[in-house]
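The values are calculated or read from the model by the stated rules, or taken from the named source; none is laboratory data. As the structure is a computational prediction, the values presented were derived from the model and not from experiment. In this analysis, Cβ positions are derived from the backbone assuming ideal geometry, glycine residues included, and neighbour counts consider all displayed protein chains. SASA here: full protein model, heavy atoms, side chains in, ligands and nucleic acids out. Shrake-Rupley method; radii C 1.70, N 1.55, O 1.52, S 1.80 Å.
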Amino acid sequence: MKVLIVGSGGREHAIAWSVAKSPKVDKIYCAPGNAGIAEYAECVSIKAMEFEKLADFAVDKAIDLTIIGMDDPLVGGIVDVFEAKGLKVFGPRKNAAILEGSKAFSKDLMKKYNIPTAAYENFDDPAKAIEYIKAQGKFPVVLKADGLALGKGVLICKTLEEAEAGVKEIMEDKKFGSAGNTMVVEEFMTGREVSVLSFVDGKTIKTMTSAQDHKRAKDGDQGLNTGGMGTFSPSPFYTKEIDEFCQKAIYQPTVDAMAAEGRPFVGIIFFGLMLTEDGPKVLEYNARFGDPEAQVVLPRMKNDIIEVVEACVNGTLDRVDLQFEDNAAVCVILASEGYPVAYQKGVPMTGFENFKDKDGYYCFHAGTRRDGEQIVTNGGRVLGITALGKDLKEARKNAYEATEWISFANKYMRHDIGKAIDEA
């Protein structure tokens, strides 16, 4: 088979690594890819939002299967463009990717189908939003830009003043662009956060092993929201009882709700959950693999990813026995100092040879490029250093040891990824 992967981050590197292990595949392309993905795939300089060019490339190269890694092209309708040309593609169509593309849509869907989530209201008028916040009088309160905002369009406001400033930032100053034309005002939930990714074929859902992301830039969950500074899998807080509840009350009902709305979902649904005192509730949905969750979940998956993906596209996922290793994985993001605000790119890096032939250690490239013979930084999140272990403590120790194998001038990381496992 020939496979095309669309995207350029750590998630796509983890997907490319998984695809390269499949005996069914003999050629991988990635558009646009990065310096790490180039080890497994031929990188093609077509941008992820150039749908027609990508589809023409897939036709020209007789690509058997395309895997869409990123949210923007999915929400923009890349799958519809590929299908119109008779191409096999993995990911939700535009009318199903709205599950991630519009927070207002997803909240309304959960309300309509009684899927547990935080109380909320949607607003397109900033004055009415502030009026509602005052009437509720409960703080903290959560404000969410409706559209895609690189994982950063969520504000937690502790006072009325902060909430008023937040409404202005999202809806008037348009800090997140048109994503803030509509805004969700949501009750603040407390509890453990857990991410559960799943494969879906439109009617059947098979969940992967659990994970937990760390969104804040600094140790102790301080600092600004980022795209994710590290993650671990499995979550010790995601028990068998919680899984049984979620399968019945959240996972299958979401798939059934999308089908009932005439938006059958084929691809990956990422469930962001909050384990509250009143039981698990949905924080958010994503319509693709998480980044950096993919970097800890895929190395633990026993199945051939191509077989699972084809079963989703063909509607035969019910025949797949999805299995994960009885181990653990931790991923620590090496970022550029100053991320997520301002940071230097083009900084040379060394030490990649330390990962060669090291079983259970992975260096997933997120923001890198080649500059001649040298690999240099090309983003805020640069690398995801992932390690396996028999349990979370061992995986964490291994991952932090491996972060020392790579050197670059403005290297920055959190030192407490997976610290919560000490409390489990």
Selection over the stretch 238-252 where residues are under 22 Å from T316 (Cβ atoms) and open to solvent by less than 50 Å² (accessible area, probe 1.4 Å) yields a count of 1
(message) Suppose the filter is buried (at least 23 other Cβ atoms within 10 Å of the Cβ), in a strand (DSSP E or B) and in contact (Cβ under 8 Å) with a residue 12 or more places away in the chain; does I5 pass it?
(response) yes
Checked pairs for the stretch 398-409, first touching a residue at least 40 places away in the same chain (Cβ under 8 Å) and farther than 14 Å from G384 by Cβ, second of a type in the set (S, T, Y) and surrounded by fewer than 17 Cβ atoms within 10 Å (Cβ to Cβ), C-beta under 7 Å and 6 or more apart or across chains, list as S407/T350
Free of Cβ contacts under 8 Å to residues at least 60 places away in the same chain, surrounded by fewer than 23 Cβ atoms within 10 Å (Cβ to Cβ) and not β-branched (V, I, T): is that true of F352 in this structure?
yes
Subset of the stretch 18-70, residues within 21 Å of F355 (Cβ to Cβ) and open to solvent by 30 Å² or more (accessible area, probe 1.4 Å), comes to A20, K21, A38, E39, Y40, C43
When every residue in the stretch 43-69 that is outside any helix (DSSP H, G or I) and of a type in the set (G, A, S) is compared, the one nearest to the chain's Cα centre (by Cα) is G69
Restricting attention to the stretch 307-323, the residues that are more than 19 Å from the chain's Cα centre (by Cα) and either buried (at least 23 other Cβ atoms within 10 Å of the Cβ) or of a type in the set (A, V, I, L, M, F, W, C) (or both) number exactly 5
Pairs returned, first residue in the stretch 53-71 that is modelled with pLDDT of 95 or more, second residue that is in a helix (DSSP H, G or I) and aromatic (F, W, Y), beta-carbon separation under 7 angstrom, 6 or more apart or interchain, are A55/F82; A58/F82; T66/F82
If you check T226 against the conditions, is it within 14 Å of I417 (Cβ to Cβ), touching a residue at least 60 places away in the same chain (Cβ under 8 Å) and hydroxyl-bearing (S, T, Y)? yes
Considering residues that are in a helix (DSSP H, G or I), closer than 24 Å to L148 by Cα and not polar (S, T, N, Q), the number found within the stretch 265-324 is 3
- prompt: What about G379, is it touching a residue at least 40 places away in the same chain (Cβ under 8 Å) and surrounded by fewer than 22 Cβ atoms within 10 Å (Cβ to Cβ)?
  reply: yes
All-but-one check, V341 against (1) modelled with pLDDT under 95; (2) not in a loop (DSSP other than H, G, I, E, B), failing number (2)
Subset of the stretch 190-208, residues part of a strand (DSSP E or B), over 10 Å from C312 (Cα atoms) and of a type in the set (V, I, T), comes to V194, V196, T207
Selection from the stretch 209-222 of residues surrounded by 15 or more Cβ atoms within 10 Å (Cβ to Cβ) and either assigned to a loop (DSSP other than H, G, I, E, B) or in contact with a strand residue (DSSP E or B) (Cβ under 7 Å, 6 or more places away or on another chain) (or both) yields T209, S210, A211, Q212, D213, H214, K215, R216, A217
Those strands (runs of 3 or more DSSP E) completely within the stretch 71-172 that have 1 or more residues that are touching a Leu at 6+ places or on another chain (Cβ under 8 Å) and open to solvent by less than 50 Å² (accessible area, probe 1.4 Å) are 141-145, 154-157
A careful count of residues in the stretch 263-281 that are open to solvent by 50 Å² or more (accessible area, probe 1.4 Å) and over 17 Å from I205 (Cα atoms) gives 2
Legend entry - Qualifying residue in the stretch 256-267 (condition: in contact (Cβ under 8 Å) with a residue 12 or more places away in the chain and more than 20 Å from E100 (Cβ to Cβ)): no
(1) buried (at least 23 other Cβ atoms within 10 Å of the Cβ); (2) modelled with pLDDT under 95 all hold for D357 apart from (1)
